[in-house]
Amino acid sequence: MENLANNYFFTYTMKRLIKLYVRKPFLLDLTIALFLIPLFCHFIVALHTQKTLTELIAMRAYRIAMAMSYCCGLVAMLYIRCVNRWLDKRYGIDDHWEQRALMQLKWNVLPPLIFIVAIVSVYFAYHGESIFSRGYLRRDIFWVGAAVVMLVMTYYLQSEHRYFLKKQQELYEYNRLNSQTAVHELPSAENPAATPAIIKVVLPERRREGLCISLDDVAVVDRHNNRTTVSTWDGRRFEWPMPSRQMKELVTQHGFTWLGQHYALVHAAVEANEGVGEKGRRLLLKCGIEVNDAKQVFRQKRNGQERTFIIFHKNIAREVGEWYENGVMNKKRPPRHRDGLNG
């Protein structure tokens with residue numbers, strides 16, 4: 001019984017610690033920077049010596065090697081953290097895992113290794129030695145490579161746990177909205193005889209109160225940071241707490257097209273398609289449509305009105321251009337109240 005109690009306490013403590021690191025990402029950075037990197041640097045520097053820690057600290061060469069190793073480890077940690085965030089935005093967690101794994105190897109493992117080997121080579125050359133004669137590439141590089149891979153996996157697992165935590169929160173809100181007996185329905189100018197898809201949304205500042213709107217009232221669907229925001233034709237914005245896979249299937253069935261992984265649009269929501277930068281594209285949204293601020297969102301005044309653009313990278317610019325051109329001749333008319341918005 002005592003062993004079971006100890007195992008339960010250990011498991012419970014580890015779960016709480018993992019959740020803390022997921023909710024407070026900076027704590028993981030501090031743990032790595034203040035504890036794990038110094039321990040690993042000491043391990044590498046003192047790997048081939050029999051001296052005690054007290055004797056090593058008294059040696060100037062040890063302190064210089066430790067400072068150099070710590071700076072390399074800190075730079076590698078910051079680089080891996082930044083690249084991991086970039087990969088999260090570009091590939092996500094549960095989509096394109098093959099590309100994600102390849103990009104992890106290409107951008108998160110090889111560059112830090114090359115950087116560390118280059119710095120160590122310069123350090124040895126400064127002291128009149130060669131990295132080959134010291135045996136660094138035969139013995140130490142294995143431990144450095146293993147440390148880099150473990151650092152990459154640590155940040156990836158943190159991102160994965162954060163993703164699943166937000167997914168659980170989204171599913172909880174979705175089930176809570178579906179279980180509400182009274183959900184307020186916003187007025188719509190749609191034909192009452194028609195049966196459009198009704199979605200349950202919430203206002204960001206009033207998350208406890210669900211609202212029902214027609215999917216035909218939605219012009220843009222925005223998926224960022226594991227949250228879905230819908231923008232209506234009359235400038236309203238709501239959060240839509242529906243599991244991402246079901247949400248994407250539903251909006252695709254109702255005429256939306258996903259351009260990249262963040263935005264789904266209908267042709268009627270776009271007024272113009274313009275080139276920008278090095279073969280990128282930007283779509284000008286109809287007047288009255290408001291979307292959340294994001295890296296892809298650009299606002300500019302035209303004819304005295306602030307207009308909103310969504311910018312797309314050159315990697316999908318051709319796809320965006322073809323989508324727009326195919327929809328120009330067969331653009332769906334918006335509901336009657338949308339014409340009133342756009343004059």
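Could you list all residues from segment 33-86 that are over 19 Å from Leu113 (Cβ atoms), in contact (Cβ under 8 Å) with a residue 24 or more places away in the chain and of a type in the set (A, V, I, L, M, F, W, C)?
Matches in segment 33-86: Ala33, Met66.
Going by the conditions given, is Ala5 among the hydrophobic types (A, V, I, L, M, F, W, C) and either touching a strand residue (DSSP E or B) at 6+ places or on another chain (Cβ under 6 Å) or at pLDDT 90 or above (or both)?
For Ala5, the condition - among the hydrophobic types (A, V, I, L, M, F, W, C) and either touching a strand residue (DSSP E or B) at 6+ places or on another chain (Cβ under 6 Å) or at pLDDT 90 or above (or both) - is not met.
Taking segment 213-250, which residues are polar (S, T, N, Q) and either closer than 17 Å to Tyr172 by Cβ or within 24 Å of the chain's Cα centre (by Cα) (or both)?
Scanning segment 213-250 gives Asn225, Asn226, Thr228, Thr229, Ser231, Ser244, Gln246.
Is it the case that some residue within segment 145-162 is more than 19 Å from Leu39 (Cβ to Cβ) and touching a Pro at 6+ places or on another chain (Cβ under 8 Å)?
Within segment 145-162, one or more residues are more than 19 Å from Leu39 (Cβ to Cβ) and touching a Pro at 6+ places or on another chain (Cβ under 8 Å).
Regarding Arg23, is this residue under 19 Å from Phe164 (Cα atoms), loosely packed, with under 11 Cβ neighbours inside 10 Å and either modelled with pLDDT under 90 or within 17 Å of the chain's Cα centre (by Cα) (or both)?
In short, no.
Select from segment 209-232 the residues that are over 15 Å from Val266 (Cβ atoms) and out of contact with any strand residue (DSSP E or B) (no Cβ under 8 Å at 6 or more places or on another chain) and write down the one among them that is surrounded by the most Cβ atoms within 10 Å (Cβ to Cβ).
The qualifying residue surrounded by the most Cβ atoms within 10 Å (Cβ to Cβ) is Asn226.
Please work out which one of (1) exposed (fewer than 15 other Cβ atoms within 10 Å of the Cβ); (2) closer than 19 Å to Tyr155 by Cα; (3) at pLDDT below 90 is the condition Thr11 fails and give its number.
(2)
With the requirement that a residue be surrounded by 13 or more Cβ atoms within 10 Å (Cβ to Cβ) and either under 18 Å from Cys71 (Cβ atoms) or of a type in the set (Val, Ile, Thr) (or both), what does segment 123-142 give you?
Those that are surrounded by 13 or more Cβ atoms within 10 Å (Cβ to Cβ) and either under 18 Å from Cys71 (Cβ atoms) or of a type in the set (Val, Ile, Thr) (or both): Tyr123, Phe124, Ile131, Tyr136, Asp140, Ile141.
Could you grab me the full set of residues in segment 233-271 that are among the basic types (Lys, Arg) and crowded, with 17+ Cβ neighbours inside 10 Å?
Arg236, Arg237, Lys248, listed by residue number.
Filter segment 178-230 down to residues that are at pLDDT below 80 and β-branched (Val, Ile, Thr), then give me how many there are.
Summing the residues that are at pLDDT below 80 and β-branched (Val, Ile, Thr) in segment 178-230 gives 3.
The values are calculated or read from the model by the stated rules, or taken from the named source; none is laboratory data. From a predicted model like this one, the values you see are computed outputs, not experimental measurements. Glycine gets a Cβ as well: all are built from the backbone with ideal geometry, and neighbour counts include every protein chain shown.
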